[in-house]
Structure formats: structure tokens, C-alpha cells
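The values are calculated or read from the model by the stated rules, or taken from the named source; none is laboratory data. Being a predicted model, the structure only gives us computed values, none of them experimental. Here Cβ is always computed from backbone atoms with ideal geometry, including for glycine, and neighbour counts include all displayed protein chains.
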Amino acid sequence: MNAPPDRQLRLLDLQAADADLDRLTHRRRTLSEVAVLAGLDEHLRRLADEDAAAGTEDGDLAKDQRRLEADVDLVSSRAQRDRQRLDSGAVSSPRELENLQSELASLRRRQDDLEEQVLGIMEAREEVQGRLAGVQADRERVGSERSITAERAAAAYEEIDRTSALRTADRARIAQEIPPDLLTLYEKIRVDKGGVGAAALRRGRCEGCHLSLSGQDISMLRSAAPDLVVRCEECRRILVRTPESGL
């Protein structure tokens, strides 16, 4: 295959554009903010679960507290009625008085026990609500951090996409200057060789595989026609001769 030397040199510009586009694609795929966002989202999910669990626990304790407080009210009301009967003098029978006093003592013990349970639940709720407030503060903090990270990611994506669009336009212009058969060969090799289809020959070394050419290969290149499209014997990429080739 033959191609004018200046068209072969344009392959290096095309290769540079493709390398830039590959780097931009890789950067977009491996943007550090993406991993950070994933970690923050997972953290927020855990915090949401903790928030829900603490909220449920506080709700259950609140129900228990209301039930016990209602029991306290019932016991207190009954004790108040008994005291009123006792204080009114309406009960004159010694046995009935004894029973009433015994019942009042039992009601006091029951009320003390219920109030102690209420106090225990109130202390438990205070602990749960403190934990709940801490979780909610963490959710707000992590949510704010996620918003900032998402903004950075969006800005990075926008910059990558803008640069990619400009470089894609550059590549299209360069590709138009390269003979179709040479472009087809370049594209095929680029697919086969991990994104590098053409490399410069500099100081007797292929910039594609970074190996120095043998003396025989150097001699062959010195005698080759300038428009002959040559390939590296080691990596088989298109080898573009430049003023720095060392020939």
C-alpha cells in the first residue's frame, strides 16, 4: 500500500485524537465521584434504615408509655375514690375500713410500680430519641455531601462531553485527509492492538511497542520509497516515518 508521506504523518494526528478520546471515555467510565456517590448512597440507605428502626422503636415505646400512663390514671382515680369514701366517714364497719385501707395500700404499690415503669420507658425513649436525632443529623450531613459530590460529577461529565465533542470533530476533519484504504487499515489495526493503530518511528524505535528496530529493518526503511506504507515487524502497527526517525 502506498500513501503520500504527509498523509501518513496525519495518521499520527489521528492516533493522538483517538488516544485523547479513549482517555476521555475511560475517565468518564471511572470518574472518581461515581464511586464516592455509590458509597454515599449506600451510607444514606443504611442511615435511612437506622432512622426507620429508631422511629419504630420510639413509636412502640410511646404506645407503651401511653398505656401505662392510662393505667396510672385508672389506679389514681380508684385510689382517690377510696380515699374520699374513707375521709367521708361513710364507712363505719371496722372490717370494711380494714379492707378499704388494705386496698388503698395495694393501689399505692400498684401506682408506684406503674410510675416506675413509665419512668423507665421515658428514659428509654430519651436514649432512642437521642440516637434518632444523631441519625437524622448524619443523614442531613451525608445528603449535603452527596449533593456537592453530584454537582462535581455533573461538572466533570459536562467538561468531558464538551472536550469529547471538540476532539471528535477534530478527528473527523483529520480522517477526511487520509486515503480511505489507509484509514481502513489503521482502524482495523487499532481494534486489534488495543487502540493504537499507528506509531511514529523515532530514533530507530517504534513508539507503539517501544522496541528498537533491527539493523536490517533500519536498512530496509532507508531504501524504501517515501510513500510506501510500512509496518513494525514486532507489533505490526503502521510505522510512520518522521524527521526524528533516525534513518
Those residues of the range 76-113 which are at pLDDT 85 or above and small (Gly, Ala, Ser), in sequence order: Ser76, Ser77, Ala79, Ser102, Ala105, Ser106
Residue in the range 150-159 that is of a type in the set (A, V, I, L, M, F, W, C) and over 23 Å from Arg27 (Cα atoms) present: no
Residues (under 15 Å from Met1 (Cα atoms) and polar (S, T, N, Q)) located in the range 168-204: Thr184
Search result, residues across the range 139-161 that are more than 17 Å from Leu40 (Cα to Cα) and surrounded by fewer than 11 Cβ atoms within 10 Å (Cβ to Cβ): Glu158
Qualifying positions in the range 30-64 - within 13 Å of the chain's Cα centre (by Cα), part of a helix (DSSP H, G or I) and not acidic (Asp, Glu): Ser32, Val34, Ala35, Val36, Leu37, Ala38, Gly39, Leu40, His43, Leu44, Arg45
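Could you pull out the residue among Glu151, Glu116, Glu126, Glu159 that is modelled with pLDDT of 95 or more, assigned by TED's automatic domain parsing to the domain that holds Arg67, within 30 Å of Ala198 (Cα to Cα) and of a type outside the set (A, V, I, L, M, F, W, C)?
Being modelled with pLDDT of 95 or more, assigned by TED's automatic domain parsing to the domain that holds Arg67, within 30 Å of Ala198 (Cα to Cα) and of a type outside the set (A, V, I, L, M, F, W, C) holds for just one of Glu151, Glu116, Glu126, Glu159, which is Glu159.
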Test: residue in the range 177-194 that is in contact (Cβ under 8 Å) with a residue 40 or more places away in the chain, out of contact with any helix residue (DSSP H, G or I) (no Cβ under 6 Å at 6 or more places or on another chain) and among the basic types (Lys, Arg): yes
Answer from Gln136, Gln111, Gln84, Gln80 - the residue that is of a type outside the set (Phe, Trp, Tyr), over 30 Å from Val36 (Cβ atoms) and surrounded by 14 or more Cβ atoms within 10 Å (Cβ to Cβ): Gln111
The one condition in (1) hydrophobic (A, V, I, L, M, F, W, C); (2) surrounded by 15 or more Cβ atoms within 10 Å (Cβ to Cβ); (3) farther than 28 Å from Arg139 by Cβ that Ala54 fails to fulfil: (3)
Which numbered condition Gly208 fails, given (1) free of Cβ contacts under 8 Å to residues at least 60 places away in the same chain; (2) assigned to a helix (DSSP H, G or I); (3) not hydrophobic (A, V, I, L, M, F, W, C): (2)
